[in-house]
Amino acid sequence: MACAVLTAAQAPPAAPAQGTPPGGGRGAGRAGGLAAGPQRPAIDPAVLERGQGLYSVHCASCHGSEARGGETGPNLLRSPVILEDQDGELLLPIVKSGRPERGMPARPDLTDSQIKDIAAVLRNLRTTGRDPGRNRPATIVVGDAAQGQTYFGATCAKCHSPTGDLKGLATKYPEPRTLQQVWLAGTAAGGRGAAPVAAPKTLITVTLPSGEVVKGEQARLDDFIVSLKLPDGSVRTIPRNGDVPKLEIQDPLQPHRALVPTYTDRDIHNLTAYLVTLK
């Protein structure tokens with residue numbers, strides 16, 4: 001929430017402890033700096049830390065690392081959904097079911113608690129129209145590169161190599177913020193200044209009760225249907241009833257997503273400090 005600095009003589013009466021402050025409508029009180037959206041209690045820093053990691057992996061490639069919009073996703077800073085959301089109740093159905101008509105895939109793999117953590121991060125973003133990027137530190141490279149190399153060897157080296165697939169990574173992504181987003185998500189980051197590289201597709205094999213096998217890219221997946229984009233470009237939608245039909249899901253980014261809850265701030269800082277040396 002942003003508030004104007006007033007002298008003691010100018011200060012208005014104290015705002016009520018609960019509810020939306022008077023005159024807090026859209027566009028009201030620009031001189032007074034009234035915040036958009038209802039008042040909310042402070043958010044637990046642990047929730048914000050979890051939510052930021054989840055947002056970085058699952059959302060930033062479309063909506064940008066600071067939610068200001070990316071290559072395919074809109075700016076979320078002033079989304080009515082985020083402004084009115086209290087505890088993820090408005091965001092949950094959107095994330096679970098997706099918005100295929102707008103290019104947003106369904107994410108039934110995310111739990112309700114994970115989506116609530118993401119919602120908390122989005123609600124916490126500044127919505128006064130100011131660019132949050134102005135408050136960024138001069139550099140995010142504040143970790144220990146040697147410790148980052150040790151972490152890489154223990155956690156990442158089973159799939160990646162600094163002299164193989166990651167050779168020249170810091171040359172390809174010279175901006176450390178973009179590079180950090182790339183490795184957190186396991187794919188190219190969206191947003192301004194990021195390289196427009198397509199994310200790997202999730203492939204699904206469906207085995208119907210009749211024995212027919214259908215393979216394609218995931219277009220939509222929830223508790224009721226699975227929609228596949230077939231090789232000829234058409235989309236086939238198949239009803240689901242529990243474990244019928246049988247699904248085999250190949251998500252190239254699952255190893256990265258599984259690691260997100262395990263990262264500490266120190267891990268992220270140290271690994272980024274190491275990866276920026278891979279010129």
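Remarks
- Residue list for region 152-169, filter: surrounded by 15 or more Cβ atoms within 10 Å (Cβ to Cβ) and either more than 24 Å from Thr262 (Cα to Cα) or of a type in the set (Phe, Trp, Tyr) (or both): Phe152
- Checking every residue in region 131-146 against the condition of being modelled with pLDDT of 55 or more and of a type in the set (Asp, Glu) gives at least one match.
- Arg40 fulfils the conditions (1) at pLDDT 80 or above; (2) farther than 20 Å from Arg107 by Cβ except for a single criterion, (1).
- In region 67-74 there is no residue matching the filter, namely being within 13 Å of the chain's Cα centre (by Cα), in a helix (DSSP H, G or I) and buried (at least 21 other Cβ atoms within 10 Å of the Cβ).
- Any pair with Cβ under 6 angstrom, 6 or more apart, that starts in region 254-273 at a residue that is of a type in the set (A, V, I, L, M, F, W, C) and ends at one that is buried (at least 17 other Cβ atoms within 10 Å of the Cβ) and outside any helix (DSSP H, G or I): Ala273/Val141; Ala273/Gly143
- Residue within region 150-165 that is of a type in the set (A, V, I, L, M) and at pLDDT 90 or above present: yes
- Neighbours by Cβ (under 6 Å, 6+ apart or cross-chain): first from region 61-86, among the hydroxyl-bearing types (Ser, Thr, Tyr); second part of a helix (DSSP H, G or I) and buried (at least 21 other Cβ atoms within 10 Å of the Cβ): Ser61/Ala185; Ser65/Gln181
- Among all residues of region 1-19, there is none that is under 30 Å from Ile268 (Cα atoms) and modelled with pLDDT of 80 or more.
- Restricting attention to region 239-269, the residues that are of a type in the set (A, V, I, L, M) and crowded, with 16+ Cβ neighbours inside 10 Å add up to 4.
- Residues of region 204-231 satisfying the condition of being closer than 20 Å to Glu101 by Cα, touching a residue at least 40 places away in the same chain (Cβ under 8 Å) and surrounded by fewer than 16 Cβ atoms within 10 Å (Cβ to Cβ): Asp222, Asp223
- Extreme residue, surrounded by the fewest Cβ atoms within 10 Å (Cβ to Cβ), among residues of region 87-108 that are without any contact (Cβ under 8 Å) to a residue 60 or more places away in the chain and of a type in the set (D, E, K, R): Glu101
- Some residue of region 114-129 being of a type in the set (Asp, Glu) and either modelled with pLDDT under 90 or in a loop (DSSP other than H, G, I, E, B) (or both): no
The values are calculated or read from the model by the stated rules, or taken from the named source; none is laboratory data. These numbers were taken from a predicted model, which means no experiment stands behind them. Counting neighbours? That spans all protein chains shown, and the Cβs are built from the backbone with ideal geometry, glycine included.
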